[in-house]
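Here the structure is laid out as structure tokens; the discussion comes afterwards.
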Amino acid sequence: MLNGRYHCGRNVIEIDGELPETLTRCTCSFCSKRGLLHAYFEPHQLAVIEATSDAVYRWNSKQVAHHFCSACGCSLYSDSPAFARDGSWDGQTRRIGVNARILEGIEAADLPVEVLDGKHLW
């Protein structure tokens with residue numbers, strides 16, 4: 001079980017699973033400006049335990065819900081289509097991209113990272 005929380009502690013999640021072997025750094029305009037390192041999971045693995053100040057940002061296609069704290073500004077997770085590396089999507093499958101930097105007991109910057117060229121895919 002993995003646990004994550006915002007800096008202010010107002011929002012808490014649990015992930016029923018293990019940290020993936022590699023994290024993902026997306027180069028799209030949103031992720032690169034936020035400095036996110038994503039750990040991907042299936043939607044059923046995510047449990048939102050507390051959501052006191054949860055806010056959602058959607059842009060462009062509105063298909064991705066970026067959850068962040070309205071109090072401290074930390075990114076928590078994104079609920080998005082499970083896009084393939086070429087940008088295609090089956091129209092149904094979704095995935096959760098958790099900001100690995102908020103996971104307790106994990107130093108995300110020390111883990112292996114692969115780069116997704118979101119700058120040119122989306």
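What follows is calculated from the coordinates using simple rules that are stated; it is not laboratory data. Just so we're clear, the structure is a prediction, and the values are computed from it rather than from any experiment. Reconstructed Cβ throughout: ideal geometry from the backbone, glycine too, with neighbour counts over all protein chains shown.
Going by neighbour counts of Cβ atoms within 10 Å, the residues His66, His38, His7, His44 line up, fewest first, as His44, His7, His66, His38. For the charge dipole of the chain, defined by +1 on Lys and Arg C-beta atoms and -1 on Asp and Glu C-beta atoms about the Cα centroid, which residue among Leu121, His7, Leu19 has the Cα displaced farthest towards the positive pole? Sorting the options by dipole projection puts first Leu121. Calculated from the alpha-carbon coordinates, the stretch 2-62 shows an Rg and a Dmax of 13.0, 31 Å respectively. What does the charge count near Ser70 come to, summing +1 for each Lys or Arg and -1 for each Asp or Glu among other residues with Cβ under 10 Å from its Cβ? Residues near Ser70 contribute 0 overall.
When peptides 82-93, 106-117 are ranked by their average number of other Cβ atoms within 10 Å per residue, the highest-first order is 106-117, 82-93.
Relative to one another, the C-alpha centroids of the stretch 82-106 and the stretch 1-64 are positioned 8 Å apart. Between the beta carbons of Glu14 and Ala65, assuming R0 = 22 Å, the FRET efficiency works out to 0.75 to the nearest 0.05.
Under 8 Å for C-alpha pairs, at least 6 residues apart: give me the relative contact order for the stretch 2-121, rounded to a whole percent.
On the way: 246 pairs, mean separation 39.6, N = 120.
The normalised contact order for the stretch 2-121 reaches 33 percent.
Sorted from longest to shortest, the spans of the Cα atoms of the stretch 18-122 along the three principal axes equal 34, 30, 28 Å. The residue among Val56, Tyr77, Thr93 whose Cα reaches farthest toward the positive pole of the charge dipole of the chain, with charges on the beta-carbon of Lys, Arg, Asp and Glu, is Val56.
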